[in-house]
1. Per residue, what accessible area does segment 52-95 have, given a 1.4 Å probe and all protein chains present, in Å²?
2. On the protein heavy atoms, probe 1.4 angstrom, tell me the percent of accessible surface of segment 52-95 carried by carbon and sulfur.
Amino acid sequence: MAPRPGPPAARPHEDHGPVRYGPPAPDPGLPVLPELAAVLAAASARTRPEPPGGGPVLREAARGYWDRRGLHGTVAGIAAAPGAQPLLLALIGAHG
């Protein structure tokens, strides 16, 4: 039986340059709006996670967002999740 060849030789790191099909990155050091900084600083002490499906404040904000776009509903009919996959799994689970 012939011996197995060893791992291929590692190639030196090749630099491919900047991303060609994207907008240029913003310069570092962009100013933060004072209003945004105040809201983020006030929320930094809040460490508990949102309940499953989203808290009442989050769901009310989502209801208002959709209401302004002509899709009327209630807070009880809204669920929030960190991405599409958890929402799809919840929908499949609720449908049975």
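1. I get 78 Å² per residue for segment 52-95.
2. 68
The values are calculated or read from the model by the stated rules, or taken from the named source; none is laboratory data. Since this is a predicted model, take the numbers as computed values, not measurements. What goes into the accessible areas is simple: the full protein's heavy atoms, side chains included, and nothing from ligands, DNA or RNA. Shrake-Rupley method; radii C 1.70, N 1.55, O 1.52, S 1.80 Å.
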